[in-house]
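One structure is given below, encoded as structure tokens.
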Amino acid sequence: MTAGQHPARFTTTRWSVVLSCSGKGAGTQTAHDALSQLCQIYWRPIFAFICRRGYAVPDAQDLTQDFFVMILEGHLLEHADPNRGRFRSLLLKALKNFLSDARDKQRARKRGGDVHFIPWDEWMAELPSQFLVSARESEHWPPEKIFDVRWAATVVERALSRLGEECEQRGRRRIFDVLSRCLTAEREDVSYADFAKTLGVPETSVKRLVHQLRKRYRTILREEVADTMENPDEVEDELRYLCAALAAAQ
């Protein structure tokens, strides 16, 4: 690969697919599927953002539903700027506008109305977040910080889930279950001796396994972030933003 070139996968990220099909008759289902996958990353941060804006949980659920219906029906794409590479930023701006409209009109669609709801149960069937933040710690956080932390946690959890599935397919699920905590922990907090005792292998083997897992985890995490970007040159900045969001929550 010559300087300035990027892997082919960057031309087929989910966000790139959505933008390439915007306003075109062809590829509509492909774009819808890609957009649906993107939205599943963001339901938790958006729901948390709406709650932090002062809405009761039932109202926040209805508003979250309405917002995603709007997105999946393509209304967001009417204002999508291909030069804005971050789906996260575009989505948050659209959400703020959506909530302003809902407040100004003093209405919100209710369940059982004329709207076709997203299969909500499937999206909420995920395991509880591994990155728990106490209500006391986050009590005074602005909605934007809540959004960022929930987004970062969701992306990390998706990467960990993918890595766990890969390990299971290779017959290494126990190794992943034992060592996965190393992937998001500081190096000084990792006890190779304890892990070696748990797994019944030499400490040198544990260090090699952790190195392999970390390397693959970083690759998967980068892929998850890249799928929400249009410009591959911005992926590293988005990764740094993700790490900063998680660090700010600790």
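Listing Val57, Val210 from fewest to most neighbouring C-beta atoms within 10 Å gives Val57, Val210.
Working from label points 7 Å from Cα in the Cα-to-Cβ sense, the Gln29 to Ser100 distance is 3.8 nm. Counting other Cβ atoms within 10 Å as a rough exposure proxy, the listed residues His32, His211, His140 run His140, His211, His32 from fewest neighbours to most. Multiplying the residue separation of Ser161 and Glu234 by 0.36 nm and subtracting their alpha-carbon distance yields 23.9 nm. Here the spin labels are modelled as points 7 Å beyond Cα on the Cα-Cβ line, and at Tyr241 and Lys215 they lie 3.0 nm apart.
Read-outs: derived from the displayed coordinates by stated rules, not from any lab. These numbers come from a predicted model, not from an experiment. Here the Cβ is made from the backbone with ideal geometry for all residues, glycine too, and neighbour counts use every protein chain on show.
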